[in-house]
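Enquirer: Shown below is the structure under consideration.
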Amino acid sequence: MDSRAIGVFDSGVGGLTVLKELQEQMKNENYIYIGDTANFPYGSKSKQTIIELCKKRIENLIELDVKLIVIACGTATSQALNEMKKIFNIPIIGIIQPTVEYLKEKKLKNIGVIATTGTIRSKGWQKEIEKEIIDARIESKACPLLAPMAEEGWVDNEIAKLTIHEYLKDIKDVDALILGCTHYPLFENIIQNELEKKVEIINTGKMVARKVKEYINANNISNEQNNISKTKIYLTDLECSFIEVAKKIMNNTNMQLNKIG
Ligand code: DGL
């Protein structure tokens, strides 16, 4: 039993797509979310910068006394998760491994991955998939404009449709498309319309929540103290459009933003 919160972070609003799944699958847990808005976007930064930023955000979350940390960001998972596990003595879960476990279970082999430039450059998804699914065929595409558009709330206009059309035109014959950046579920409808019906769109937040739940139960650290879950949101810079987009993702839940870092 452990009533401390689960810590979650991303560069901005994207990680809320993961937080939402966590809240849905673990209604009794408390959550602390950090959006590193002062340093958005992560997707175009170097590996070294991402490692430094992740270190700071994890230190913030540890100071806030969380029991487990979810890196709700593909860019940070692919470039910094291994380093963070070496530095910190707290359970840390990223978005790649839980998703690859799902692909394996479902025997999905023809896989598309769309993500930020940094994630695609790191080959983080490719390496992890090829380790687990020997005969996998992977098509990857960097979509650097999508996360900034999501941050602006441009998720259902003509520009979003044209941009996604352009990015996805080379992805053919896949059985599943991984949304390898946590901002991308905001475009899920447009993405689905662009692809053949049979292509399964994979929102990593669902897989992450399943993994966190499993971990918490296996280690006896679930919160059994109350059943009114609390979520606290911190941003490293309050001067941004976070709240408008966040409300859309979290179905207009009342939100108070706090400053950190
Ligand atoms: N949401 C992030 C990801 O999953 C980062 C987007 C960005 O900051 O560029 O990769």
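What follows is calculated from the coordinates using simple rules that are stated; it is not laboratory data. All figures in this text were calculated on a predicted structure; none of them were measured in a lab. Please note: Cβ atoms are built from the backbone with ideal geometry, for glycine as well, and neighbour counts cover all protein chains shown.
Enquirer: What does the helix-only formula give at 222 nm for the chain: each DSSP H stretch with n ≥ 4 adding -39500 (n - 2.57), the total divided by the residues, and the result rounded to the nearest 500 deg cm²/dmol?
Expert: -13000 deg cm²/dmol
Enquirer: What residues qualify as long-range amide H neighbours of L68, i.e. H under 5 Å apart, gap of 5 or more or another chain, H built at 1.01 Å from N?
Expert: Distant-sequence amide H within range of L68: G7.
Enquirer: Measure up K27/K211; K55/K211; K107/K197 against 20 Å on the Cα-Cα distance and list the ones that go over.
Expert: K55/K211
Enquirer: Ratio of Rg to Rh for the chain, alpha carbon only, Kirkwood?
Expert: 0.94
Enquirer: For region 195-261, which trypsin sites (Lys or Arg not before Pro) pass both filters: DSSP loop (anything but H, G, I, E, B) and at most 16 other C-beta atoms within 10 Å?
Expert: When the trypsin sites (Lys or Arg not before Pro) of region 195-261 are filtered for loop state and at most 16 Cβ neighbours within 10 Å, K197, K198, K230 remain.
Enquirer: Could you derive backbone 3J(HN,Hα) for region 85-100 from the dihedral phi with the Karplus parameters 6.51, -1.76 and 1.60 (θ = phi - 60°), listing whole Hz in sequence and x where the residue is Gly or Pro?
Expert: Ordered by residue, 3J(HN,Hα) equals 5, 6, 7, 9, 9, 9, x, 10, 10, x, 9, 7, 4, x, 6, 5 Hz.
Enquirer: Now a separate question. Please identify every one of the trypsin sites (Lys or Arg not before Pro) in region 85-121 that sits in a loop by DSSP and has no more than 10 other beta carbons within 10 Å of its own beta carbon.
Expert: Passing both the DSSP loop test and the Cβ count: K107.
Enquirer: Can you sort T119, T37 so the residue with the fewest Cβ neighbours within 10 Å comes first?
Expert: T37, T119
Enquirer: Enumerate by residue number the GluC sites (Glu not before Pro) in region 175-224 meeting two conditions: DSSP loop (anything except H, G, I, E, B), and at most 15 other Cβ atoms within 10 Å of the site's Cβ.
Expert: Answer by residue number: E196, E224.
Enquirer: By a straight-distance test (C-alpha under 19 Å), which aspartates and glutamates pair with K45 as possible cross-link partners, with residues fewer than eight away in the same chain excluded?
Expert: In chain and number order, the partners are D10, D36, E83, E151, D237.
Enquirer: Which whole-Hz ³J(HN,Hα) couplings does region 110-115 yield from phi under the Karplus relation 6.51 cos²θ - 1.76 cosθ + 1.60, θ = phi - 60°, glycine and proline marked x?
Expert: Working through the residues one at a time gives 9, 10, x, 10, 10, 6 Hz.
Enquirer: Can you tell me the equivalent ellipsoid semi-axes for region 1-56? Use √(5λ) from the Cα gyration tensor, largest first, whole Å.
Expert: 25, 13, 8
Enquirer: Taking every DSSP beta bridge with both residues inside the chain, roughly what % is antiparallel (nearest 5)?
Expert: 0
Enquirer: What is the distance in Å between the Cα centres of region 209-243 and region 78-151?
Expert: 22
Enquirer: Can you list the equivalent-ellipsoid semi-axes of region 103-246, largest first and in whole Å, using the square root of 5 times each Cα gyration tensor eigenvalue?
Expert: In descending order the semi-axes read 27, 24, 14 Å.
Enquirer: Continuing with the same structure: List the relative contact order of the chain as a percent without decimals, with contacts defined as Cα pairs under 8 Å and 6+ residues apart.
Expert: 29
Enquirer: Next question, about the same structure. Which whole-Hz ³J(HN,Hα) couplings does region 139-148 yield from phi under the Karplus relation 6.51 cos²θ - 1.76 cosθ + 1.60, θ = phi - 60°, glycine and proline marked x?
Expert: 10, 10, 8, 7, 10, x, 7, 5, 5, x
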